[in-house]
Amino acid sequence: MATGADGTIIRCPECGTRNRVRSQARGTPRCATCKHALPWVMESDQANFDTDITSSVPVLVDFWAPWCGPCRQLSPVVEKVAGRFAGKLKVLKVNIDQNPGLARRFQAMSIPLLVLFEDGQEKSRQVGAVPEQRLTAWLTPLLRADSPAS
(Lines give C-alpha, C1' and ligand atoms only; values in the text may rest on other atoms or scores of the structure.)
Protein backbone atom coordinates (compact mmCIF):
# COMPACT_ATOMS: atom_id res chain seq x y z
CA MET A 1 0.00 0.00 0.00
CA ALA A 2 1.43 3.36 -1.03
CA THR A 3 -0.41 6.56 -0.18
CA GLY A 4 -0.21 9.85 -2.04
CA ALA A 5 -2.21 12.99 -2.65
CA ASP A 6 -4.15 11.28 -5.44
CA GLY A 7 -5.10 8.19 -3.42
CA THR A 8 -3.63 4.90 -2.35
CA ILE A 9 -2.02 2.30 -4.60
CA ILE A 10 -3.35 -1.19 -3.80
CA ARG A 11 -1.98 -4.30 -5.49
CA CYS A 12 -4.70 -6.76 -6.53
CA PRO A 13 -4.30 -10.05 -4.65
CA GLU A 14 -5.65 -11.95 -7.67
CA CYS A 15 -3.69 -10.60 -10.65
CA GLY A 16 -1.09 -8.27 -9.12
CA THR A 17 -2.26 -5.14 -10.95
CA ARG A 18 -1.51 -1.88 -9.14
CA ASN A 19 -4.74 0.10 -8.68
CA ARG A 20 -5.12 3.73 -7.53
CA VAL A 21 -7.91 3.92 -4.97
CA ARG A 22 -9.41 7.10 -3.58
CA SER A 23 -11.78 7.55 -0.68
CA GLN A 24 -15.35 7.40 -1.92
CA ALA A 25 -18.73 7.45 -0.22
CA ARG A 26 -20.40 4.86 -2.47
CA GLY A 27 -19.24 1.53 -3.86
CA THR A 28 -16.09 -0.43 -3.17
CA PRO A 29 -12.80 -0.58 -5.09
CA ARG A 30 -12.30 -3.31 -7.67
CA CYS A 31 -9.28 -4.21 -9.76
CA ALA A 32 -9.23 -2.39 -13.09
CA THR A 33 -7.97 -5.55 -14.81
CA CYS A 34 -9.73 -8.57 -13.27
CA LYS A 35 -12.58 -6.79 -11.38
CA HIS A 36 -11.73 -8.64 -8.13
CA ALA A 37 -12.69 -6.78 -4.93
CA LEU A 38 -9.63 -5.02 -3.48
CA PRO A 39 -8.68 -4.92 0.19
CA TRP A 40 -9.52 -1.28 0.96
CA VAL A 41 -6.83 -0.01 3.34
CA MET A 42 -6.06 3.72 3.44
CA GLU A 43 -4.41 6.24 5.70
CA SER A 44 -6.60 9.02 7.09
CA ASP A 45 -6.00 12.27 8.92
CA GLN A 46 -7.81 15.07 10.71
CA ALA A 47 -8.63 16.89 7.45
CA ASN A 48 -10.22 13.88 5.69
CA PHE A 49 -11.47 11.69 8.54
CA ASP A 50 -15.18 12.63 8.54
CA THR A 51 -15.32 12.15 4.76
CA ASP A 52 -13.33 8.90 4.93
CA ILE A 53 -15.68 7.25 7.48
CA THR A 54 -18.67 7.94 5.22
CA SER A 55 -18.89 4.82 3.11
CA SER A 56 -21.39 2.33 1.70
CA VAL A 57 -19.58 -0.40 3.68
CA PRO A 58 -18.58 -0.43 7.36
CA VAL A 59 -15.28 1.32 8.14
CA LEU A 60 -12.73 -0.09 10.58
CA VAL A 61 -10.41 2.60 11.94
CA ASP A 62 -7.06 1.49 13.34
CA PHE A 63 -5.69 4.12 15.75
CA TRP A 64 -1.97 3.41 16.06
CA ALA A 65 1.49 4.93 16.59
CA PRO A 66 4.85 3.94 15.07
CA TRP A 67 6.49 3.51 18.51
CA CYS A 68 3.77 1.09 19.70
CA GLY A 69 4.90 -2.56 19.56
CA PRO A 70 1.38 -4.04 19.79
CA CYS A 71 0.29 -1.65 17.00
CA ARG A 72 3.05 -2.95 14.73
CA GLN A 73 2.02 -6.50 15.65
CA LEU A 74 -1.64 -5.83 14.84
CA SER A 75 -1.07 -4.00 11.53
CA PRO A 76 -0.50 -7.10 9.33
CA VAL A 77 -3.47 -8.80 11.01
CA VAL A 78 -5.72 -5.84 10.13
CA GLU A 79 -4.45 -5.87 6.54
CA LYS A 80 -5.10 -9.61 6.25
CA VAL A 81 -8.63 -9.17 7.60
CA ALA A 82 -9.15 -6.32 5.10
CA GLY A 83 -8.31 -8.82 2.37
CA ARG A 84 -10.68 -11.39 3.80
CA PHE A 85 -13.52 -8.86 3.89
CA ALA A 86 -12.64 -7.16 0.56
CA GLY A 87 -15.76 -5.53 -0.85
CA LYS A 88 -17.43 -5.58 2.59
CA LEU A 89 -15.09 -3.42 4.70
CA LYS A 90 -12.98 -0.29 4.44
CA VAL A 91 -9.96 0.09 6.75
CA LEU A 92 -8.52 3.44 7.76
CA LYS A 93 -5.17 3.78 9.53
CA VAL A 94 -4.85 6.85 11.80
CA ASN A 95 -1.45 7.69 13.27
CA ILE A 96 -2.32 9.30 16.62
CA ASP A 97 1.03 11.11 16.83
CA GLN A 98 0.21 12.96 13.61
CA ASN A 99 -3.49 13.35 14.48
CA PRO A 100 -3.78 14.08 18.21
CA GLY A 101 -7.16 15.77 17.71
CA LEU A 102 -8.65 12.51 16.43
CA ALA A 103 -7.03 10.61 19.31
CA ARG A 104 -8.73 12.98 21.78
CA ARG A 105 -12.03 12.94 19.91
CA PHE A 106 -12.24 9.14 20.06
CA GLN A 107 -10.57 8.82 23.47
CA ALA A 108 -7.73 6.69 22.10
CA MET A 109 -5.98 6.47 25.47
CA SER A 110 -4.82 2.89 24.88
CA ILE A 111 -3.59 1.73 21.50
CA PRO A 112 -3.99 -0.09 19.28
CA LEU A 113 -7.64 0.91 19.21
CA LEU A 114 -9.98 -0.42 16.54
CA VAL A 115 -13.27 1.44 16.04
CA LEU A 116 -15.94 0.21 13.64
CA PHE A 117 -18.16 2.80 11.97
CA GLU A 118 -21.34 2.25 10.01
CA ASP A 119 -23.00 5.13 8.15
CA GLY A 120 -20.48 7.47 9.78
CA GLN A 121 -21.50 6.46 13.33
CA GLU A 122 -19.44 4.45 15.81
CA LYS A 123 -20.83 0.95 16.15
CA SER A 124 -18.23 -0.88 18.27
CA ARG A 125 -14.62 -0.73 19.49
CA GLN A 126 -11.83 -3.11 20.47
CA VAL A 127 -8.67 -2.21 22.40
CA GLY A 128 -5.37 -4.08 22.10
CA ALA A 129 -3.62 -6.38 19.70
CA VAL A 130 -5.68 -9.49 19.01
CA PRO A 131 -5.03 -12.54 16.84
CA GLU A 132 -6.65 -12.78 13.42
CA GLN A 133 -9.29 -15.30 14.55
CA ARG A 134 -10.46 -13.05 17.38
CA LEU A 135 -10.57 -9.97 15.14
CA THR A 136 -12.55 -11.89 12.51
CA ALA A 137 -14.92 -13.25 15.16
CA TRP A 138 -15.49 -9.69 16.46
CA LEU A 139 -16.12 -8.21 12.99
CA THR A 140 -18.24 -10.93 11.38
CA PRO A 141 -21.50 -10.32 13.29
CA LEU A 142 -21.01 -6.53 13.10
CA LEU A 143 -20.77 -6.33 9.32
CA ARG A 144 -24.02 -5.67 7.53
CA ALA A 145 -25.63 -8.71 5.97
CA ASP A 146 -26.51 -6.58 2.94
CA SER A 147 -22.93 -5.41 2.32
CA PRO A 148 -21.72 -6.05 -1.22
CA ALA A 149 -20.28 -9.52 -1.66
CA SER A 150 -16.73 -9.99 -2.88
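For the range 127-150, what are the residues that are among the polar types (S, T, N, Q), at pLDDT 95 or above and surrounded by 15 or more Cβ atoms within 10 Å (Cβ to Cβ)?
Result: Thr136, single match.
Tell me, which helices (runs of 4 or more DSSP H) wholly within the range 18-114 include 1 or more residues that are more than 24 Å from Glu132 (Cβ to Cβ) and without any contact (Cβ under 8 Å) to a residue 12 or more places away in the chain? Quick ask: steps written out before the conclusion?
Details: elements: 49-52, 69-84, 100-105.
By residue number, 100-105.
When you scan the range 82-94, how many residues do you find that are within 16 Å of Cys68 (Cβ to Cβ) and either charged (D, E, K, R) or surrounded by fewer than 19 Cβ atoms within 10 Å (Cβ to Cβ) (or both)?
1
I'd like to check something: does the range 22-32 contain any residue that is polar (S, T, N, Q), modelled with pLDDT of 90 or more and surrounded by fewer than 21 Cβ atoms within 10 Å (Cβ to Cβ)?
no
Regarding the range 109-116, can at least one residue be identified that is open to solvent by less than 20 Å² (accessible area, probe 1.4 Å), touching a Phe, Trp or Tyr at 6+ places or on another chain (Cβ under 6 Å), over 24 Å from Thr8 (Cα atoms) and not β-branched (Val, Ile, Thr)?
Checked against the condition, which is being open to solvent by less than 20 Å² (accessible area, probe 1.4 Å), touching a Phe, Trp or Tyr at 6+ places or on another chain (Cβ under 6 Å), over 24 Å from Thr8 (Cα atoms) and not β-branched (Val, Ile, Thr), the range 109-116 yields no hits at all.
Listed here are the residues, each with its yes/no results for (1) within 25 Å of His36 (Cβ to Cβ); (2) touching a helix residue (DSSP H, G or I) at 6+ places or on another chain (Cβ under 9 Å); (3) among the small types (Gly, Ala, Ser).
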site	(1), (2), (3)
Pro58	yes, yes, no
Trp67	no, no, no
Pro70	no, no, no
Ser75	yes, no, yes
Leu92	yes, yes, no
Gln107	no, no, no
Pro112	no, yes, no
Gln126	no, yes, no
Ala129	no, yes, yes
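Residue by residue, here is whether (1) at pLDDT 95 or above; (2) out of contact with any Lys or Arg (no Cβ under 8 Å at 6 or more places or on another chain); (3) not hydroxyl-bearing (Ser, Thr, Tyr) holds:
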{"position": "Lys93", "(1), (2), (3)": "yes, yes, yes"}
{"position": "Ala103", "(1), (2), (3)": "yes, yes, yes"}
{"position": "Met109", "(1), (2), (3)": "no, yes, yes"}
{"position": "Ser124", "(1), (2), (3)": "yes, yes, no"}
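Among Glu79, Glu43, which is open to solvent by 10 Å² or more (accessible area, probe 1.4 Å), over 21 Å from Asp119 (Cα atoms), acidic (Asp, Glu) and modelled with pLDDT of 90 or more?
Result: Glu79 is the single residue among Glu79, Glu43 that is open to solvent by 10 Å² or more (accessible area, probe 1.4 Å), over 21 Å from Asp119 (Cα atoms), acidic (Asp, Glu) and modelled with pLDDT of 90 or more.
Within the range 46-76, take every residue that is crowded, with 22+ Cβ neighbours inside 10 Å and of a type in the set (Asp, Glu) and give me the one that is farthest from the chain's Cα centre (by Cα).
The extreme case among them is Asp52.
The values are calculated or read from the model by the stated rules, or taken from the named source; none is laboratory data. This structure is a prediction, so every number in the text was calculated from the model and none was measured. A quick note on method: Cβ atoms are made from the backbone with ideal geometry, for glycine too, and the neighbour counts reach across all protein chains shown. For the accessible areas, the whole protein counts, side chains as well, though only heavy atoms, and no ligand, DNA or RNA atoms are used. Shrake-Rupley method; radii C 1.70, N 1.55, O 1.52, S 1.80 Å.
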